[in-house]
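For reference, the structure discussed in these notes is given below.
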Amino acid sequence: MHVHTKRNFLVLGFLNFFITNIILQILLLISSISIATFISQLTNITIGYFLYGKFVFLVQNKNFKNFLKYFLIALLTWQLNYFSINFLYNQLSFNKNIAAILMIPILTLISFLAQKYYVFAKK
């Protein structure tokens with residue numbers, strides 16, 4: 001893997017994370033876990049598909065098939081995020097916001113691998 005791919009993913013991922021996580025953290029204070037994770041995931045999808053496709057995986061011709069794959073991965077990571085935060089909060093008595101922060105590295109790794117090998121895979 002090219003060094004620029006990892007670096008760009010981390011830099012743009014941090015930007016996407018920063019925006020998405022601010023939204024998530026605020027919404028966790030005023031709404032349910034499901035609504036907060038859903039809205040933050042929609043933000044993540046919107047920003048992520050464009051940034052990662054164009055500047056990380058260098059896909060020139062993004063198409064509906066790629067978007068659908070990206071959307072499905074985003075849906076799965078949203079579900080994983082929701083269930084994990086919910087589990088940590090309800091079963092292990094973690095603070096919701098701390099639980100959300102703990103999930104970041106796991107979701108980042110899953111997202112990167114899924115995008116590299118499934119969504120934007122070079123044929």
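Key figures for this structure:
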item	result
Any hit, the stretch 28-37, residues being closer than 24 Å to Asn97 by Cα, under 12 Å from the mean Cα position of the chain (by Cα) and open to solvent by less than 70 Å² (accessible area, probe 1.4 Å)	yes
Scope the stretch 58-73; condition open to solvent by less than 70 Å² (accessible area, probe 1.4 Å) and at pLDDT 85 or above; matching residues	Asn66, Lys69, Tyr70, Ile73
Leu58 vs. criteria assigned to a helix (DSSP H, G or I) and of a type outside the set (D, E, K, R)	no
Test: residue in the stretch 72-82 that is more than 13 Å from the chain's Cα centre (by Cα) and part of a helix (DSSP H, G or I)	no
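The values are calculated or read from the model by the stated rules, or taken from the named source; none is laboratory data. Because the structure is a prediction, the values reported are computed rather than measured. Keep in mind that these areas ignore ligands, DNA and RNA; they rest on the heavy atoms of the full protein, side chains included. Shrake-Rupley method; radii C 1.70, N 1.55, O 1.52, S 1.80 Å.
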